[in-house]
1. Output yes when any residue across region B:170-186 is without any contact (Cβ under 8 Å) to a residue 24 or more places away in the chain and assigned to a strand (DSSP E or B), and no when none is.
2. Scan region A:103-119 and tell me whether some residue there is free of Cβ contacts under 8 Å to residues at least 24 places away in the same chain and within 12 Å of the chain's Cα centre (by Cα).
3. Of the residues in region A:120-133, how many are within 19 Å of A:Glu83 (Cβ to Cβ) and not β-branched (Val, Ile, Thr)?
4. Return the residue satisfying two criteria in turn: it lies in region A:68-92 and is crowded, with 21+ Cβ neighbours inside 10 Å and not hydrophobic (A, V, I, L, M, F, W, C), and of such residues it is nearest to A:Arg128 (Cα to Cα).
5. Of the conditions (1) over 12 Å from the mean Cα position of the chain (by Cα); (2) under 22 Å from B:Pro97 (Cβ atoms); (3) free of Cβ contacts under 8 Å to residues at least 24 places away in the same chain, A:Pro84 fails just one. Which one is it?
6. Taking region B:60-94 as the region of interest, how many residues are among the small types (Gly, Ala, Ser), farther than 17 Å from A:Val45 by Cα, facing chain A (nearest Cβ under 7 Å) and in contact (Cβ under 8 Å) with a residue 40 or more places away in the chain?
7. Answer with yes or no whether B:Gly166 is in a strand (DSSP E or B), modelled with pLDDT of 95 or more and either acidic (Asp, Glu) or touching a strand residue (DSSP E or B) at 6+ places or on another chain (Cβ under 8 Å) (or both).
Amino acid sequence: MTDPAAPGRYHRLMRTLCLAAALVAVLSAGGVLSHMVSAHHSFVVFFDDAKSITVSGSVTAFKFTNPHAIIELAVKRVDGRSEPWRAETNAVTLLRRRGWTKESLKVGDAITIDGWPSRDGSRDMRVRRVVKADGTVLGAPTNQRVD
Amino acid sequence: MSDARMAALVFVVGTVVAGAALSGGGSPVAAQQPVRPNLSGFWGAGHAVPLDPALVKKLPANTVVVPDAGAPELPLGNFGGLQPKPSALATAMRWKPEDDMKVDRVCLPPSIVYSMQGPFPMEIHQGADLIVMRLEYYDMVRLIFMDGRPHPPANAPHSKVGHSVGRWDGQTLVVDTTHLSRSTLTNNGLDHSDNLHLIERFWLSADGQTLLMQQEFEDQDVLENRGARFVGWDRGTDFIHPYECDPTFKG
């Protein structure tokens, strides 16, 4: 990657952000809200790509759809109680090319999901890899880092 | 002149005229057309490509290469070197990601400024006067008019694919797009206005197996500087699948 004037622009950006913070306070007080017109789920905005998490449980639902396939599972806690987790994967149009199908997971399947935790601390995660009870890895990742 | 000689004369003249017409005889209509690359076909998931220093150097002044082509994405507050104007920055800093996940918003497609660089395949159908690009991402279809027509008036409808006109510059397809409706630039709160101007250059790699694109955009309502991206797609033999976004995907 090339950023011809990175250092100077970084300092200008930080100064701008400080000014923007003050501006945000003023705009918020004035009730000025902007109509956001974009809608797409950014991995790095919602999930912490600097951390990893692994959960094991049984599938309670599998939604094979766009923009993201969703795996819901019941995870047994240490105290024996079960708590619901939700794991988000890539778009179905991409998963299909990695060997996933809508039959890849069924309710009751015992699986282990390795991935990235949600930034807000909720029981949400982004899938890196799904391993079934028999050791089978679901799908075949390509050059993409997430599934 | 006898009838026989007249007939012979007509035959000779006619032959000469026909021969000149068939051989071209200097007519511009008969001039050979340059051979253009064929961009038609299925192109696999978009991905980042190694930056060519020579191409980066040729970018207009005040242009930053945004490093989010393909799978990578920018975190909150990081706009990849783009310098938002104060009002645009303030709006971006107020952005709450969870608002974009509501049922009425989650399936709104980004404009082609962001959509073209995503890790999704596309299909191109190339004709002399029209090139069609079908993006798998959000089932978007682009029409690129190659017949020399201008863009419509400024108050013509805007859309997420905009209005595109194209021309060949040697072996490079140059596409100029306006009339894009407001949408995300970096998928983290920074939106472009409906006055953004987009220029894309497409060309094939030396072996013809990779389609390369240089994207440049400017938006004087939103940005102090200009942005660029470099994206590649590898030739394949698959089909475009329906995207058919499900707004209830999270239940």
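1. No, because not a single residue in region B:170-186 is without any contact (Cβ under 8 Å) to a residue 24 or more places away in the chain and assigned to a strand (DSSP E or B).
2. Looking only at region A:103-119, we keep the residues that are free of Cβ contacts under 8 Å to residues at least 24 places away in the same chain, and these are A:103.
After this cut, where a residue has to be within 12 Å of the chain's Cα centre (by Cα) as well, the list is none.
Within region A:103-119 (the criterion being free of Cβ contacts under 8 Å to residues at least 24 places away in the same chain and within 12 Å of the chain's Cα centre (by Cα)), the answer is no, since none of the residues qualifies.
3. 7
4. Our first condition is that a residue be crowded, with 21+ Cβ neighbours inside 10 Å; within region A:68-92, this holds for A:68-69, A:71, A:73, A:87-92.
Among the residues that remain, those that are also not hydrophobic (A, V, I, L, M, F, W, C) are: A:68, A:88-90.
On the way: A:His68: 13, A:Glu88: 9, A:Thr89: 8, A:Asn90: 9 Å.
Here the answer is A:Thr89.
5. (3)
6. Initially, region B:60-94 is screened for residues among the small types (Gly, Ala, Ser), giving B:61, B:69-71, B:77, B:80-81, B:87-88, B:90, B:92.
Narrowing further to those that are farther than 17 Å from A:Val45 by Cα: B:61, B:81, B:87-88, B:90.
Pick out the ones that are also facing chain A (nearest Cβ under 7 Å) and you get B:81, B:90.
In the following step, the residues that additionally are in contact (Cβ under 8 Å) with a residue 40 or more places away in the chain were identified as B:81.
Of the residues in that region, 1 qualify.
7. Details: in a strand (DSSP E or B): yes; modelled with pLDDT of 95 or more: yes; either acidic (Asp, Glu) or touching a strand residue (DSSP E or B) at 6+ places or on another chain (Cβ under 8 Å) (or both): yes.
Taking the combined requirement at face value, the residue satisfies it.
Conditions tested, residue by residue: (1) over 29 Å from A:Phe46 (Cβ atoms); (2) in contact with a Lys or Arg (Cβ under 9 Å, 6 or more places away or on another chain).
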residue	(1), (2)
B:Arg134	no, yes
B:Pro153	yes, no
B:Arg167	yes, no
B:Thr184	no, no
B:Trp203	yes, no
B:Val222	no, yes
B:Gly227	no, no
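The values are calculated or read from the model by the stated rules, or taken from the named source; none is laboratory data. Every value quoted in this text rests on a predicted model; they were computed, and no experiment measured them. Backbone-built Cβ (ideal geometry, glycine too); neighbour counts: all protein chains shown.
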